[in-house]
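*Asks:* One structure, as structure tokens, below. Some questions next.
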Amino acid sequence: MEARLTEINKREVLLYLGYRGGEIPADIAEAIDRCSQILLETARPRIVYRQFSLLEDGTLQGTEFRPEGEDVRQLLKDCKQVVLFGATLGAEVEALLLRQQVKNMAEALILDCCGSSAIENVCDNFCTDLQEKVHPLYLTDRFSPGYGDLPFSQQGDFCRILDMSRRIGVSLSPGGLMIPQKSVTALVGIADRPQNRRFRGCAYCSSFETCTYRKERRTCGKI
């Protein structure tokens with residue numbers, strides 16, 4: 001499956017920027033449209049994924065890796081298969097953000113927020129494509145390190161198992177952050193019966209106000 005970036009959610013961008021309703025200034029709306037178009041033209045999204053059987057102890061077959069936490073255990077309770085995936089907008093977007101920070105910090109902030117919405121769209125599209133691939137089975141929500149009680153420290157395990165550095169050019173900083181920054185790792189379970197789903201995207205998340213990812217203008221990658 002190929003990575004697909006199809007749109008940038010303007011509502012999500014506005015929420016990242018701190019807008020909570022009311023009239024949006026014309027110059028801000030125009031800047032969002034302009035930055036969205038630039039980012040859509042610049043991004044070179046890439047995806048890597050692997051599918052594993054889920055063993056009774058929660059370990060992914062063929063690895064020594066077990067996603068930790070009660071939240072993931074509940075998420076995967078009906079699943080016998082798990083997909084790990086990583087997605088990125090590419091080094092081109094990283095370079096674009098750095099250049100814009102030198103030229104115009106206000107517009108760089110808008111561009112950054114557009115990037116956060118864009119990587120959500122890439123993940124949404126991947127899950128849509130994956131659902132078609134596994135039909136008639138069903139997918140759970142996607143879930144990322146740092147969300148719920150799945151430790152952020154397991155980010156490195158995702159990157160190692162997926163060989164993200166070699167396959168899609170994503171590496172980890174000493175602090176565990178992904179480079180390029182508009183990148184996501186996540187898991188999604190495959191079940192033989194329908195799973196409860198949440199609304200998609202940061203704009204609908206109950207943790208939006210307190211989200212540590214959003215404060216860093218990143219995304220956890222969950223649906």
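The values are calculated or read from the model by the stated rules, or taken from the named source; none is laboratory data. Every value quoted in this text rests on a predicted model; they were computed, and no experiment measured them. A quick note on method: Cβ atoms are made from the backbone with ideal geometry, for glycine too, and the neighbour counts reach across all protein chains shown. Accessible surface is based on the protein model in full, side chains and every heavy atom, while ligands, DNA and RNA are left aside. Shrake-Rupley method; radii C 1.70, N 1.55, O 1.52, S 1.80 Å.
*Asks:* Assign unit charges at the C-beta atoms only (+1 for Lys and Arg, -1 for Asp and Glu), then state the dipole size of the chain relative to its Cα centre in Debye, rounded to the nearest 20. Kindly include the intermediate steps, with their values, before the conclusion.
*Replies:* Numbers: 29 positive and 30 negative charges, 33 e Å.
With only Lys, Arg, Asp and Glu charged at Cβ, the dipole is about 160 debye.
*Asks:* Oh, and also: Given 0.36 nm per residue, what is the gain on full extension from ARG166 to GLN37 after removing their alpha carbon distance, in nm?
*Replies:* Working it through step by step, the gained length comes to 43.6 nm.
*Asks:* Keeping all protein chains in the complex and leaving out DNA, RNA and ligands, what accessible area do you get for MET105 with a 1.4 Å probe, in Å² to the nearest 10?
*Replies:* Accessible area, nearest 10 Å²: 120 Å².
*Asks:* Which one, ALA91, LEU150, ALA31, projects farthest toward the positive side of the charge dipole computed for the chain from Cβ point charges (K/R +1, D/E -1)?
*Replies:* Looking along the dipole axis, the top candidate is ALA91.
*Asks:* Further question: Counting only GluC sites (Glu not before Pro) that are in a DSSP loop and have at most 15 other C-beta atoms within 10 Å, tell me the longest site-free stretch of the chain.
*Replies:* On the way: sites that count: GLU2, GLU7, GLU23, GLU56, GLU64, GLU216.
Of all site-free stretches, the longest is 65-215.
*Asks:* With +1 on each Lys and Arg Cβ and -1 on each Asp and Glu Cβ, and nothing else charged, work out how big the dipole of the stretch 62-142 is about its Cα centre, in Debye to the nearest 20.
*Replies:* Values: 8 positive and 14 negative charges, 27 e Å.
So the magnitude is around 120 debye.
*Asks:* Based on the Cβ-Cβ distance from LYS10 to GLN101, what FRET efficiency comes out when R0 is 22 Å, to the nearest 0.05? List each step's numbers first, then the result.
*Replies:* On the way: r = 22 Å, r/R0 = 1.01.
After rounding, the FRET efficiency stands at 0.50.
*Asks:* Give LYS77/LYS133; LYS103/LYS182; LYS80/LYS182; LYS10/LYS103; LYS80/LYS133 a once-over and call out the pairs whose C-alpha atoms are over 27 Å from each other. Write out the running numbers ahead of the final one.
*Replies:* Values: LYS77/LYS133 21 Å; LYS103/LYS182 20 Å; LYS80/LYS182 30 Å; LYS10/LYS103 23 Å; LYS80/LYS133 16 Å.
From the list (LYS77/LYS133; LYS103/LYS182; LYS80/LYS182; LYS10/LYS103; LYS80/LYS133), the Cα-Cα distance tops 27 Å for LYS80/LYS182.
*Asks:* For the stretch 137-148, what does the Karplus curve 6.51 cos²θ - 1.76 cosθ + 1.60, with θ = phi - 60°, yield as ³J(HN,Hα) per residue in whole Hz, taken in order and with x for Gly and Pro?
*Replies:* 7, 10, 9, 7, 4, 8, 8, 10, x, x, 9, x
*Asks:* How far, in nm, would the chain grow between ASP78 and ILE24 when pulled straight, counting 0.36 nm per residue and subtracting the alpha carbon separation? Can you show the working numbers first?
*Replies:* Values: separation 54, 0.36 × 54 = 19.44 nm, distance 4.41 nm.
So the chain would gain 15.0 nm between ASP78 and ILE24.
*Asks:* Could you pull the accessible area for ASP149 with a 1.4 Å probe, rounded to 10 Å²?
*Replies:* 70 Å²
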